[in-house]
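Peer 1: Handing you this structure, nothing more for now.
The values are calculated or read from the model by the stated rules, or taken from the named source; none is laboratory data. Just so it is clear, the structure is predicted and the values come from calculations on it, not from any experiment. With ideal geometry, Cβ positions are generated from the backbone for all residues, glycine too; neighbour counts draw on all protein chains shown.
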Amino acid sequence: MKGESMHLSDRFISGIVPIMAVSVLVLYIGIVLYMAIEAWPALIHMSWMDIVTGTVWKPMAQSPVLGLAYIISASLYISLLSLIWALPLGIGTSVGLSLGVSPRIRQFCLSTIDMIAGIPSVIVGFIGLAVVVPAIQSMFSLSTGESILSASLVLAFMILPYIVTHCTESIETYRQRYEETALGLGISPWHTMKAIVLPSAKGSIILSSVLAFSRAMGETMAVMMVVGNAPILPNLLGKAEPIPSLIALEMGSVEYNSLHYSGLYVAALVLLIILILTNVLVYMYSWKTRKDGHHEVI
């Protein structure tokens, strides 16, 4: 009787899991289609290429202009710069946690880092506004410290836990796999880490970087509080307005079904396409790696 009950439970799970997977896929496709439908009036008003390459965002003008080039550039600039700050620090922290501390301390540190990842973005943004912005303003003698540099530093703090957690798990797995053999050959743990473990974990490090980049591209509140929110040509010490900030600031006051409303959906669609293309490139890299005979865990 017990075996029959377990058999029915297995059949139920094996039947419901594919249904749930298909439902998620259908929901995702539905969201994309809905965004495309809402964006269509703006795409009729201006071509897709004109919107992506245009540098002027004036949706309320008599002749509305929906150029997103500066806004897209700001999103990419801030996200990539935050990754440049966070990635070396994250990998270094992961290596230190793997080699420099005991398993108990490592677990405590990782738990603390996970707690940091749970801090609400509005609190991180407030700290950035109170600490980072005045520091940048004083350091570079600016009229205001709200800038791409401030936003990238705040974002680097926010994505660092994702990099550390993912990289530490992968590095520790490979270290345990090769450590005993390396010690038997007289190779020091640090050289093993440099010559064997880190190259083996390259795929996981790339994946953690992509996840961190995606997290950075979609962040809204913390960036909005420190970046200045001006849709102008982005530069390191100047103000800018990334896509999430644009949508958050303007969607609440926009007229429903207006060209402005449709233009914000185009901006959201552009952000979604960037993230999809980024993830597709990573999976293509993963497929190529497996095809070439490498066995990195991505």
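Peer 1: What do you reckon, is Pro103 surrounded by fewer than 13 Cβ atoms within 10 Å (Cβ to Cβ) and within 25 Å of the chain's Cα centre (by Cα)?
Peer 2: So Pro103 fails the test.
Peer 1: Quick one: how many residues across segment 74-100 are crowded, with 17+ Cβ neighbours inside 10 Å, closer than 15 Å to His166 by Cβ and out of contact with any Ser or Thr (no Cβ under 7 Å at 6 or more places or on another chain)?
Peer 2: Here the count works out to 5.
Peer 1: Another question about this same structure. Starting from segment 79-103, take each residue that is within 16 Å of Tyr174 (Cβ to Cβ) and list its partners that are of a type in the set (D, E, K, R) and in a helix (DSSP H, G or I), counting only C-beta distances under 7 angstrom and pairs at least six apart or across chains.
Peer 2: These pairs meet every condition: Leu97/Arg106; Ser98/Glu172; Ser98/Arg175.
Peer 1: Does Ile51 satisfy the condition of being in contact with a helix residue (DSSP H, G or I) (Cβ under 7 Å, 6 or more places away or on another chain), assigned by TED's automatic domain parsing to the domain that holds Ile113 and in a helix (DSSP H, G or I)?
Peer 2: No, not satisfied.
Peer 1: Right, something else. What is the residue count in segment 230-245 for residues that are out of contact with any Gly (no Cβ under 8 Å at 6 or more places or on another chain) and surrounded by 20 or more Cβ atoms within 10 Å (Cβ to Cβ)?
Peer 2: Matching residues across segment 230-245 total 5.
Peer 1: Looking at Ile19, Ile51, which is the one that is modelled with pLDDT under 90 and within 29 Å of the chain's Cα centre (by Cα)?
Peer 2: Result: Ile19 is the single residue among Ile19, Ile51 that is modelled with pLDDT under 90 and within 29 Å of the chain's Cα centre (by Cα).
Peer 1: Okay, next question. Testing Glu38 on (1) under 17 Å from Leu272 (Cα atoms); (2) surrounded by fewer than 14 Cβ atoms within 10 Å (Cβ to Cβ); (3) of a type in the set (Asp, Glu), one condition comes back false. Which one is that?
Peer 2: Only one criterion in (1) under 17 Å from Leu272 (Cα atoms); (2) surrounded by fewer than 14 Cβ atoms within 10 Å (Cβ to Cβ); (3) of a type in the set (Asp, Glu) is unmet by Glu38, namely (2).
Peer 1: Does Leu160 satisfy being in contact with a Gly (Cβ under 9 Å, 6 or more places away or on another chain), under 24 Å from Gly218 (Cα atoms) and modelled with pLDDT of 95 or more?
Peer 2: Judged against the criteria, Leu160 is not a match.
Peer 1: Going by the conditions given, is Ile273 surrounded by 15 or more Cβ atoms within 10 Å (Cβ to Cβ), at pLDDT 90 or above and in the same structural domain as Ile159 (by TED's automatic domain parsing)?
Peer 2: no
Peer 1: Going through segment 23-38 one residue at a time, which ones are small (Gly, Ala, Ser) and touching a Leu at 6+ places or on another chain (Cβ under 8 Å)?
Peer 2: Ala36
Peer 1: A further question on this structure: List every residue pair whose Cβ atoms lie under 7 Å apart, where the two residues are 6 or more positions apart in sequence or sit on different chains, the first residue falls within segment 11-39 and is of a type in the set (Asp, Glu), and the second residue, located anywhere, is at pLDDT 90 or above.
Peer 2: Close Cβ pairs satisfying both conditions: Glu38/Ser262; Glu38/Tyr265.
Peer 1: Please go through segment 120-156 and pick out each residue that is in contact with a Phe, Trp or Tyr (Cβ under 9 Å, 6 or more places away or on another chain), among the β-branched types (Val, Ile, Thr) and either assigned to a loop (DSSP other than H, G, I, E, B) or over 18 Å from Ser79 (Cα atoms) (or both).
Peer 2: Hit for segment 120-156 is Ile127, nothing else.
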